[in-house]
Amino acid sequence: MDVVPVQRLAVRSDVPRIGALMRRSVLELFPRFHDERETASAARYLTESDLVLIDDGTYFVHEVGDEVVACGGWSKRDKLYTGSGDRPTDGRLLDPATEPARVRAMFVHDGWTRRGLGRATLAACAHDARAAGFRSLVLMATLPGVPLYRSFGFREVSRARVPLPDGVTLAGVEMAYSLD
């Protein structure tokens, strides 16, 4: 019988396990889409847990026993993605009537891909953002996540280069999803 991960809201005590999963996910999945330098930079700069998401109650984990095997969430704040640098408006609450909520920090353990965990996280994000009055979601996808987001119904808005603090840039895809 297959083990089914439990999805729940993340709490601050999950942060070390979330960070470990994020780094592991990048190191396992990014080499399929990115070169060694890009993978190393992403492992350094895109794997910082965002406590604001946890404190806002908008970040989910999937766990099996003591192991976090997937995570991700949404934000009602202005920051689009981890690693985007610090901007004065990052903490600003978005206006649900006129601005989209942001899907953020989606990661999965390589051994747990293609089992519906990302889809379950996106469904929870869409449900909760809709309940908070948002009419759409946006995200900045790294290449490993694009197939998941497309299959969920996100549409490509534009291609982008995602700059990281060490000067490395990653190919990214800005995507949007209607909650209407």
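Descriptive notes on the structure:
- Annotation: the residues Thr169, Thr121, sorted from fewest to most other C-beta atoms within 10 Å of their own C-beta, follow the order Thr169, Thr121.
- Distance between the pseudo-spin-label points of Ala160 and Asp2 (7 Å out from Cα toward the beta carbon): 3.3 nm.
- Residues Leu164, Leu29 arranged by fewest to most Cβ contacts within 10 Å: Leu164, Leu29
- Sites Val52 and His127 - FRET efficiency at Förster radius 30 Å, r taken between beta-carbons, to 0.05: 0.90
- 16 Å reach of a label modelled at Arg44, 7 Å along Cα-to-Cβ, counting backbone N of region 111-149: none
- Other residues within the sphere of radius under 15 Å centred on the Cβ of Pro5, judged by their own Cβ, net out at -1 (K and R +1, D and E -1).
- Within the chain, the whole DSSP H helices whose Cα atoms reach 18 Å or more along their own axis and whose mean Kyte-Doolittle score is at least -1.0 are 15-29, 117-131.
- Here the chain carries DSSP beta bridges of which approximately 95% are antiparallel, counting only pairs with both residues inside.
- The overall shape of region 127-174 is prolate: from the C-alpha gyration tensor, with semi-axes ordered a ≥ b ≥ c, the ratio a/c is 1.5 or greater and a/b exceeds b/c.
- Reciprocal mean inverse distance between Cα atoms of region 1-152 - Kirkwood radius, Å: 15.6 Å
- Relative contact order for region 6-178: 22 percent, from Cα pairs under 8 Å spaced at least 6 residues apart, divided by residue count.
- The overall shape of region 28-72 is oblate: from the C-alpha gyration tensor, with semi-axes ordered a ≥ b ≥ c, the ratio a/c is 1.5 or greater and a/b is no larger than b/c.
- Helical runs (DSSP H, four residues minimum) scored at -39500 (n - 2.57) apiece and divided by the length of the chain put the mean residue ellipticity at 222 nm at -8500 deg cm²/dmol.
Only the coordinates and a few stated rules stand behind these numbers; no lab work does. What you see is a predicted model; the values in this text were computed from it and never measured. Cβ sites come from the backbone with ideal geometry, for glycine too, and all protein chains shown count toward neighbours.
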